[in-house]
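Bear in mind these aren't lab numbers, they're just calculated from the coordinates by the rules spelled out. All figures in this text were calculated on a predicted structure; none of them were measured in a lab. So basically every Cβ, Gly included, is an ideal-geometry build from the backbone, and we count neighbours across all protein chains shown.
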Amino acid sequence: MKIIVSIKQVPARDSQLRVGSDGRSVDESDLSFEINEPDAYALEEALQLKEKHGGEVIALCAGPARASQTIREALAKGADRAIHIEEDNLASFDTLDVAKLLAKAAESERPDLVLTGLQSDDLGYGQTGVVLAEILGLPHATIIMAVEQSGSGIRVKRELENGWFQHVEMPLPAVLTIQSGINKLRYATLMGIKKAKTKEVKRLTASDLGVAPSPRVSMERIYAPQRSKQTQILDGTAKEAAAKLVEKLKFEVRVI
């Protein structure tokens, strides 16, 4: 089974983010970067499928030159080779453009399975995987909790709401977006890190793939959320006030 895993490099989760001078981007001057966590779970699922059924895992990443660090991490964990679409100005590509880049790079590989994380930790659109599937003309399923081979196809477990799950039989090839937390992530071993240095990384550019940015969505402004305090007095008896409080916590704050 040949599996392509789309990975993305994002700012580290503990980074102190500052708005750039243009007001529409994040200042990257002193940021550290890491693999997008949902993509790390997609990579782990791909590696486990390879261990069970054999085959090859290919890491596919679109990003600037610094993204090579994230690609090497994927190779160190067990990916067999990688494709790096090197693009310094990826911010000018919207979701459709990025999906076109990934699709062009994936087409020649003819994968049996394409895995992506459910969404990215930085933008969080949650669209790239399904748009990629549409461009490739492949069946897809989202919020995947488990993948099993079933005859010539696969059987997947999808997470729904309120503790419900859906089991779906799918043909191959297919595209899946993987839910975070479905497996325990592995660490790269010392041997894996050494082997990663010798593994193939194919480098492409957007022009090589014939894709130019034509964004239909633009970022107009980035700003820190305004913090404000608001006090509400709940009238009535203690029982009535408690009922109102529960209603607000459930339907407005949505914490219960």
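Annotations
- Whole-Å distance, taken between Cα centres, linking region 193-256 and region 44-65: 27
- Burial order of peptide ranges 71-78, 106-113 (average beta-carbon count within 10 Å, highest first): 71-78, 106-113
- Every helix of 4 or more DSSP H residues in the chain counts as -39500 (n - 2.57), and over all residues that averages to -8000 deg cm²/dmol at 222 nm.
- Partner aspartates and glutamates whose Cα lies under 17 Å from the Cα of K100, excluding those fewer than 8 positions away in the same chain, are identified as E86, E87, D88, E109, E134, D208.
- Projected-area average for region 1-102 over all orientations - Cα convex hull basis, square nanometres: 6.8
- Under 29 Å from K244, Cα to Cα: lysines that are on another chain or at least 8 residues apart: K229
- The 3J(HN,Hα) values that the Karplus relation (6.51, -1.76, 1.60; θ = phi - 60°) gives for region 238-252 are, in residue order, 4, 5, 5, 5, 5, 5, 5, 5, 4, 4, 5, 5, 7, 9, 9 Hz. Gly and Pro appear as x.
- By the count of neighbouring beta-carbon atoms within 10 Å, fewest first, F93, F251 end up ordered F251, F93.
- Ordering of 59-66, 47-54 by burial proxy (mean other Cβ atoms within 10 Å per residue, highest first): 59-66, 47-54
- Cross-link pairs K104/K157; K50/K104; K50/K157; K52/K104 - those with Cα-Cα distance over 26 Å: K104/K157; K52/K104
- Think of region 2-209 as having a plus end and a minus end, set by charges on the Cβ of Lys, Arg, Asp and Glu; of L136, M191, F33, M191 sits farthest toward the positive end of this dipole.
- A simple spin-label model places the labels of K195 and S32 2.7 nm from each other, with each point 7 Å out along Cα-to-Cβ.
- Amide H partners (placed H, <5 Å) of R18, local residues excluded: D27
- For region 2-209: Kirkwood Rh in Å [reciprocal of mean 1/r, alpha carbons]: 17.4
- Relative contact order, percent, the chain [alpha-carbon distance under 8 Å, six or more residues apart]: 23
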